[in-house]
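J.: Structure incoming, see below.
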Amino acid sequence: MNIIIIGAGRVGESVAESLVSENNDITVVDTDPQRLHALQDRLDLRGVPGNGIQPSVLREAGIEDCDMLIACAPMDETNLVVCKVAHDLFNVPTTIARLRSPEFVGDMPLLSKESGFAVDQVICPEQSVTAYIRKLIEYPEALQVLEFAHGVVSLIAVRAVAGGPLVRHALAEIPQLVPDTPMRIVAIYRGNERVPAVGSARIEPDDEVFVLAATKHIRRVLGALRQMDRPVRRVMIAGGGKVGLRLAREIHAKHEVKIIETDRRRCDYLATQLPPGVLVLNADSTDEDVMESENVREMDLFIAITSDDEDNIMSCLLAKRLGARRVLALINRRAYADLVQGTAIDIAISPAQTVIGELLAFVRRGDVEAVHSLRRGASEALEAIARGDRRTSRVVGRRIEELALPRGAEIGAIVRGGEEEGTEPEVIMPHHDTVIQANDHVIVFMPRKRMVREVEKLFQVGATFF
């Protein structure tokens, strides 16, 4: 695809990096030539300096041949106008806008192509990060919780702990050990090495295990791989920015929440926006005396989500040393995220990676419903809908063992039915002889990103395929 990205900031850079690796033709427009030069030196893309609102700049970027425009400049106003210009003047088929304001939702008339800003899809990294963290608060034993098929199936990443019923057992023993919990382990990572998820593979303590299961069974799956933690009650948030404010608003009803923010004026604003039960502190989360006096040792979860990676890392390490049960750091720079892997920091979140999946679903060919990047973009899980019939499709009416899946890719779950009102969808953990039917939602795990194109082609419907 020919894709133009407006804005070379953190989100724009991460989007470009992800899409370039899939052999798309990428052009990035930004007002900072130095930032573009740095991107061009590192990635195989074209940079065009200038303001993306201006038609002349868009023409220079090749807007006439553009298949998709992704507007992720810092200002919402810029992104809205760019999408409008791209649609009205150049008839770009798909426009995506990064909008920080929570007042813009995807189905509102203001964003429509007929009478609004012509935005096909809205992405909001702040909202994506907030939703991601909320899942980890709900399931404190998990490292990652990703939903497929409208929430019917979840892919869970969990660190195996000695004492879990499945730990030190082979995958082939799972049906006997937990017969009432259908699940499919699609990947095991031991350090940086992937262990093939075959029947003879054993789950060892500290393994990072990726499991597909019905969402209603998540707690039982987690309990099979580690002892269940007590529910999260006390939460301390370092950073009162957009994510911190959103998160505090959404969790305060069920949790005791403290926010630590260094900016006095921001603290005053937070105090007016949050209910009285949320304690707002004007302090530094990297100050040991402050953390001790605010009883960080009693916290079930410490979340560092300031705009400074170094502060987030240091405050999490400090909170963990002082006794916080679990710590989570927001880290923008990939090198830092790799660096903290395996340290005292329990979870490192990349805000850009949380929105990549939303974008990738638009870039994918075939009938792709959802895409999630795993292990900071190294692997992917994809949800595709099987369309057509045996004559027009490479998957419908065929057993899984007949499919030309790339080596290592695995169909982990199938969701069937549920389209009619009042009917419950069926979650199937498939075997080699399971036959895929039309309209099945098929979840595929791919250990390497380069496999994506082959899987996409597999689910494309052809008029004359035999």
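The values are calculated or read from the model by the stated rules, or taken from the named source; none is laboratory data. Bear in mind the structure is a predicted one, so any value in this text is a computation, not a measurement. Here Cβ is always computed from backbone atoms with ideal geometry, including for glycine, and neighbour counts include all displayed protein chains.
J.: So, in the stretch 82-102, of the ones that are among the β-branched types (Val, Ile, Thr) and touching a strand residue (DSSP E or B) at 6+ places or on another chain (Cβ under 9 Å), which residue ends up surrounded by the fewest Cβ atoms within 10 Å (Cβ to Cβ)? Don't jump to the end; show me each part of the working.
T.: Step one: filter the stretch 82-102 for residues among the β-branched types (Val, Ile, Thr), giving 82, 85, 92, 94-96.
Now narrow it down to the ones that are touching a strand residue (DSSP E or B) at 6+ places or on another chain (Cβ under 9 Å): 82, 92, 94-96.
Details: 82: 30, 92: 24, 94: 18, 95: 26, 96: 23.
Residue satisfying both the conditions and the ranking: 94.
J.: Would you point out the residue of the stretch 102-139, among those that are farther than 24 Å from residue 300 by Cβ and aliphatic (A, V, I, L, M), that is modelled with the lowest pLDDT?
T.: Residues of the stretch 102-139 that are farther than 24 Å from residue 300 by Cβ, as a first pass: 102-125.
Pick out the ones that are also aliphatic (A, V, I, L, M) and you get 105, 108, 110-111, 118-119, 122-123.
Details: 105: 70, 108: 79, 110: 85, 111: 87, 118: 90, 119: 90, 122: 88, 123: 85.
Only one residue fits best here, namely 105.
J.: Right, something else. When the stretch 201-220 is examined, which residues are found to be under 23 Å from the mean Cα position of the chain (by Cα) and aliphatic (A, V, I, L, M)?
T.: 209, 211, 212, 213, 214, 218
J.: Tell me yes or no: at least one residue of the stretch 442-454 is at pLDDT 90 or above, under 23 Å from residue 172 (Cβ atoms), in contact with a helix residue (DSSP H, G or I) (Cβ under 9 Å, 6 or more places away or on another chain) and outside any helix (DSSP H, G or I).
T.: So far as the stretch 442-454 goes, yes, one or more of its residues are at pLDDT 90 or above, under 23 Å from residue 172 (Cβ atoms), in contact with a helix residue (DSSP H, G or I) (Cβ under 9 Å, 6 or more places away or on another chain) and outside any helix (DSSP H, G or I).
J.: Within the stretch 396-411, which residues are modelled with pLDDT of 90 or more and either in a strand (DSSP E or B) or among the β-branched types (Val, Ile, Thr) (or both)?
T.: 396, 399, 400, 411
J.: If a residue counts only when it is under 23 Å from residue 158 (Cβ atoms) and in contact with a strand residue (DSSP E or B) (Cβ under 7 Å, 6 or more places away or on another chain), which helices (runs of 4 or more DSSP H) contained entirely in the stretch 288-346 have at least 3 such residues?
T.: Numbers: elements: 288-293, 309-321, 334-340.
Per the criteria, 309-321.
J.: Only one of these conditions is not met by residue 410: (1) farther than 18 Å from residue 210 by Cα; (2) acidic (Asp, Glu); (3) under 22 Å from the mean Cα position of the chain (by Cα). Which number is it?
T.: Against the list (1) farther than 18 Å from residue 210 by Cα; (2) acidic (Asp, Glu); (3) under 22 Å from the mean Cα position of the chain (by Cα), residue 410 comes up short only on (1).
J.: Just a yes or no: is a residue in the stretch 360-368 in a strand (DSSP E or B), outside the structural domain of residue 148 (by TED's automatic domain parsing), at pLDDT 90 or above and surrounded by 17 or more Cβ atoms within 10 Å (Cβ to Cβ)? Even if it seems obvious, please write down each step before you answer.
T.: First, the residues of the stretch 360-368 that are in a strand (DSSP E or B): 368.
Then keep just the ones that are outside the structural domain of residue 148 (by TED's automatic domain parsing); that gives 368.
Still in the running and at pLDDT 90 or above: none.
Checked against the condition, which is being in a strand (DSSP E or B), outside the structural domain of residue 148 (by TED's automatic domain parsing), at pLDDT 90 or above and surrounded by 17 or more Cβ atoms within 10 Å (Cβ to Cβ), the stretch 360-368 yields no hits at all.
J.: Pick from the stretch 146-168 the residues that are at pLDDT below 90 and touching a Ser or Thr at 6+ places or on another chain (Cβ under 8 Å): which of them is farthest from residue 337 (Cα to Cα)?
T.: 151
J.: Looking at this structure, is residue 377 assigned to a loop (DSSP other than H, G, I, E, B), in the same structural domain as residue 452 (by TED's automatic domain parsing) and modelled with pLDDT under 75? Please lay out each step first, then the result.
T.: Numbers: assigned to a loop (DSSP other than H, G, I, E, B): yes; in the same structural domain as residue 452 (by TED's automatic domain parsing): yes; modelled with pLDDT under 75: yes.
Yes, satisfied.
J.: Still on this structure, please answer the following. Going by the conditions given, is residue 243 within 26 Å of residue 316 (Cβ to Cβ), touching a His at 6+ places or on another chain (Cβ under 7 Å) and among the aliphatic types (A, V, I, L, M)?
T.: Judged against the criteria, residue 243 is not a match.
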